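The values are calculated or read from the model by the stated rules, or taken from the named source; none is laboratory data. Being a predicted model, the structure only gives us computed values, none of them experimental. Counting neighbours? That spans all protein chains shown, and the Cβs are built from the backbone with ideal geometry, glycine included.
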Amino acid sequence: MADGWARVTGRPQAVIVHVDVGTQALGQGLHNASVGRAPVIIIAGLCPYTEAGELKGSRTEYMHWLQEAPDQKAIVRQYCRYTGEIRTGLNAKQTIGRALQFAESTPKGPVYVASAREVLAEEVDPYELDQEMWKPIGPGALTEDAVREVATALTEAERPLIITGYSGRDKRCPEQLVALANLVPGLRIHDTGGSDMSFPFSHPASLGFRLAMDDCTKEADMILLLDCDVPWIPSRNAPPRGCRIYQIDVDPLNQQIPVSFFPAHGRWRAEAYTAVRQIVEHVSNDPFLRVKLGEEKYTERRKVLIQDHQARLLDIESKLRLGDDEPLDASNIGNVLKHSLPESTVYVVEAVTSAQLLYDQLQPERPGSWINCGGTGIGWSNGAALGVQMAIENQQKESLATDEDIVPPSVIVQIVGDGSFMCAAPSSALWVARKYNISIITIVLNNEGKSCPVY
């Protein structure tokens, strides 16, 4: 739930767990938040470090000996942006403040703070922190030389391609990508993460969503990687020799992925929205590029792009089998949902093997309308969908109170495979939803088996 809320708002949510056993129970949820760049602050207890009543909070229970791990923070350290410990109540707020700075600074993700019972029982005088001095790191931008190099490469390439993954998490970014695609005829946008709606499906430049296995990479002569972890599978669809490759990312070296050898002629640490806006401004205002983009070949490229997109839409439509006797496969379900639910619907998708087919039929247009895990720990969506609903409902209440940019009511639809649904204590999620009146629609795709790669 905290993960889902964080993905909608960008603000970290708190999870409280019990010492080492509670920390271990975080399991794949922690992986999903880390890989999916969801800011979450986890607060855990530590077993008391005194055993004979020396301090208030000393050990009083049998389990206090059994639940003391040699290094409890090590259980989660490799998945967290920060792990810390409150060792005295005198700087408890500073420790939490520092953890939140890491959680909210890009690449966002989970942080973990632990404390023993003696510290939590400590009495201190009340104090405050000036929150203006505890903000996360501000957005990074491209240098002028980098903007010029990338903009020129995009414009001069014959088959330019942008591959993205997380850029749609900033809901301002899709609009900037649309502006760039409109400026550079023939530019195509491909999503290999499927984590967020990063580019509107209806735009002629859209190649939709595929898990890094589309042949578009084999045809490009210039590729810009934008907030993307896995742009292609080197053994399957690597770019051709001579392709110019650039990368703009808040974590361009994938520091938490030991084996990640994707080459690039230039890498820059910058936030997607800021960087794309800079490139759009440069292309719009550079006289040389404007003259070049007015050449006849760019007009022809735009026509070809539109034709290819229309052919792709016809191919997607051809996969539908909507007769009364036809099975409800992923394509049919996606089409029915698209034409039955309001445009304000938000889809929380954990369909794994069916996600790409669903994306083709749902054809997301609105930023924030498609939310996928980004990680690979199945069982994410049961709680995430509830968090998404609560966050959007809260945003709507806040917008009504201020009369600014009123958020429309949304239907939250969880689409989940049967294996994923069963892997995350569905009875607990359904109980919480009923207990707290969290209204969502859950669609379970039952293929009566488990699909996974076979070699």
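Which condition from (1) among the small types (Gly, Ala, Ser); (2) within 28 Å of TRP370 (Cα to Cα); (3) free of Cβ contacts under 8 Å to residues at least 24 places away in the same chain is the one that ALA205 breaks? (3) is the only condition that ALA205 fails.
Checking segment 253-275 against the condition returns no match, with no residue being exposed (fewer than 15 other Cβ atoms within 10 Å of the Cβ) and more than 30 Å from PRO107 (Cα to Cα).
When you check GLU118 against the structure, is it of a type in the set (Asp, Glu) and in contact with a Ser or Thr (Cβ under 8 Å, 6 or more places away or on another chain), yes or no? Yes: the conditions hold for GLU118. Taken over segment 61-113, the residue count meeting the criterion of being part of a helix (DSSP H, G or I) and of a type in the set (D, E, K, R) is 5.
Does segment 176-186 include one or more residues that are over 28 Å from LEU293 (Cα atoms) and touching a residue at least 60 places away in the same chain (Cβ under 8 Å)? No, every residue in segment 176-186 fails to be over 28 Å from LEU293 (Cα atoms) and touching a residue at least 60 places away in the same chain (Cβ under 8 Å). The number of residues in segment 147-181 being surrounded by 19 or more Cβ atoms within 10 Å (Cβ to Cβ) and outside any helix (DSSP H, G or I) comes to 9. In the set VAL111, VAL119, VAL124, VAL178, only one residue is within 30 Å of ILE86 (Cβ to Cβ), of a type outside the set (Gly, Ala, Ser) and under 24 Å from the mean Cα position of the chain (by Cα); that residue is VAL111. Can you say whether LEU341 is modelled with pLDDT of 95 or more and aliphatic (A, V, I, L, M), as far as the supplied structure shows? When the stated conditions are applied, LEU341 passes them. Among the residues of segment 314-336, those identified as assigned to a loop (DSSP other than H, G, I, E, B) and not charged (D, E, K, R) are LEU320, LEU322, GLY323, PRO327, LEU328. Among the conditions (1) among the hydroxyl-bearing types (Ser, Thr, Tyr); (2) touching a residue at least 40 places away in the same chain (Cβ under 8 Å); (3) touching a helix residue (DSSP H, G or I) at 6+ places or on another chain (Cβ under 6 Å), the only one that TYR82 does not satisfy is (2).
Filtered by the rule that a residue be loosely packed, with under 13 Cβ neighbours inside 10 Å and either in contact (Cβ under 8 Å) with a residue 60 or more places away in the chain or of a type outside the set (A, V, I, L, M, F, W, C) (or both), segment 276-298 gives ASN285, PRO287, GLY294, GLU295, GLU296, LYS297.
Here SER206 passes the criteria (1) at pLDDT below 95; (2) surrounded by 18 or more Cβ atoms within 10 Å (Cβ to Cβ) except the one numbered (1). With respect to (1) over 27 Å from ASP360 (Cβ atoms); (2) at pLDDT 95 or above; (3) not aromatic (Phe, Trp, Tyr), the lone exception for VAL184 is condition (1).
Output the residues belonging to segment 112-170 that are aromatic (Phe, Trp, Tyr) and more than 30 Å from VAL346 (Cβ to Cβ). If the condition is that a residue be aromatic (Phe, Trp, Tyr) and more than 30 Å from VAL346 (Cβ to Cβ), then TYR127, TRP134 are the ones that fit.
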